[in-house]
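A.B. asks: Pasting a structure here, questions to come.
FYI, it's all coordinate maths here, none of it is from the lab. Note that the coordinates shown come from a computational prediction; the quantities given were computed from them, not determined experimentally. So basically every Cβ, Gly included, is an ideal-geometry build from the backbone, and we count neighbours across all protein chains shown.
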Amino acid sequence: MFLDYFALGLLIFVALVLFYGIIAIHDIPYEIAKEREHPHQDAIHYAGWVSLFTLHALWPFLWIWATLWRKERGWGFKQVQDEQILLQTQLTKMEMQLQQLQSELTTLKQQQQQPMNHNNNNTEGNQ
């Protein structure tokens with residue numbers, strides 16, 4: 001008789017722990033969003049409850065959604081835009097330097113060929 005009640009108590013305890021454990025796990029993305037002051041934290045919280053009915057199929061996506069936002073940098077796109085602008089200015093500067101070097105090289109080649117042509121004309125005239 002005692003073992004029957006003990007087994008029943010153990011079953012109820014395990015069921016309650018699993019029930020509250022699943023609810024606590026489903027709330028992790030919401031807690032992350034709340035901590036990071038995510039602008040969509042309510043939507044993440046509601047989607048977490050919906051995820052309970054889909055056997056947590058949405059849960060990994062909620063985790064990703066919650067961790068993408070950072071208060072100090074937002075979604076991170078501004079930083080990418082700033083880096084793209086910096087890279088574009090560096091590329092433009094390098095293109096200008098390349099054009100300058102190409103023109104200097106062309107000038108040097110022309111200067112080098114002029115004395116050769118001048119020497120060839122002198123040697124032909126001496127013969």
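A.B. asks: To the nearest 10 degrees, how steep is helix 77-126 against the longest Cα principal axis of the chain, on a 0 to 90 scale?
C.D. replies: Long axis of 77-126 versus the principal axis of the chain: about 20 degrees.
A.B. asks: Tell me, what is the percent relative contact order of segment 1-74, built from C-alpha pairs under 8 Å that lie six or more residues apart? Before the final figure, lay out the partial values.
C.D. replies: Details: 55 pairs, mean separation 23.0, N = 74.
It rounds to 31 percent for segment 1-74.
A.B. asks: So, one more: Spelling out what I want: for every residue of segment 22-27, take phi, set θ = phi - 60°, compute 6.51 cos²θ - 1.76 cosθ + 1.60 (Karplus), and round to whole Hz; glycine and proline get x.
C.D. replies: Ordered by residue, 3J(HN,Hα) equals 5, 5, 5, 5, 5, 8 Hz.
A.B. asks: With each run of n ≥ 4 DSSP H residues scored as -39500 (n - 2.57), what mean residue ellipticity at 222 nm is computed for the chain after dividing by its residue count and rounding to the nearest 500 deg cm²/dmol?
C.D. replies: Details: 5 runs with 106 residues, N = 127.
Using -39500 (n - 2.57) per qualifying helix, the result is -29000 deg cm²/dmol.
A.B. asks: Could I ask something else about it? Restricting to Cα atoms and excluding each atom paired with itself, what does the Kirkwood estimate give for segment 1-74 in Å? Don't skip to the answer; put the middle values down first.
C.D. replies: Working: mean 1/r = 0.0726 Å⁻¹.
Computed over Cα pairs of segment 1-74, the Kirkwood hydrodynamic radius comes out at 13.8 Å.
A.B. asks: Residue 70 versus residue 108, label points 7 Å from Cα toward the beta carbon: distance in nm?
C.D. replies: 4.5 nm
A.B. asks: Can you give the longest run of the chain that contains no trypsin sites (Lys or Arg not before Pro) sitting in a DSSP loop with at most 14 other Cβ atoms inside 10 Å?
C.D. replies: On the way: sites that count: 71, 73.
It works out to 1-70.
A.B. asks: Still on this structure, I have one more. Across the Cα atoms of the chain, what radius of gyration and what greatest pairwise Cα-Cα distance (Dmax) are found, in Å?
C.D. replies: 36.5, 131
A.B. asks: What angle do you read, to the nearest 10 degrees and between 0 and 90, between the alpha-carbon axis of helix 41-53 and the longest principal axis of the chain?
C.D. replies: Tilt relative to the chain: about 60 degrees.
A.B. asks: While we're on this one: How far is helix 59-68 tilted, in degrees, relative to the longest principal axis of the Cα atoms in the chain, given as a value from 0 to 90 rounded to the nearest 10?
C.D. replies: 50 degrees
A.B. asks: On a straight-distance basis, which lysines could pair with residue 71 in a cross-link, Cα separation under 16 angstrom, same-chain partners fewer than 8 positions away excluded?
C.D. replies: Partners found: 34.
A.B. asks: Here's something else I'd like to know. Round to the nearest 0.05 the FRET efficiency obtained for residue 22 and residue 79 when R0 = 35 Å and r is the Cβ-Cβ distance. Can you show the working numbers first?
C.D. replies: Working: r = 37 Å, r/R0 = 1.05.
Efficiency at R0 = 35 Å is approximately 0.45.
A.B. asks: If we sort 83-89, 56-62 on the protection proxy, mean other Cβ atoms within 10 Å, highest first, what's the order?
C.D. replies: On the way: 83-89: 10.0, 56-62: 15.3.
By packing density, highest mean first, the sequence is 56-62, 83-89.
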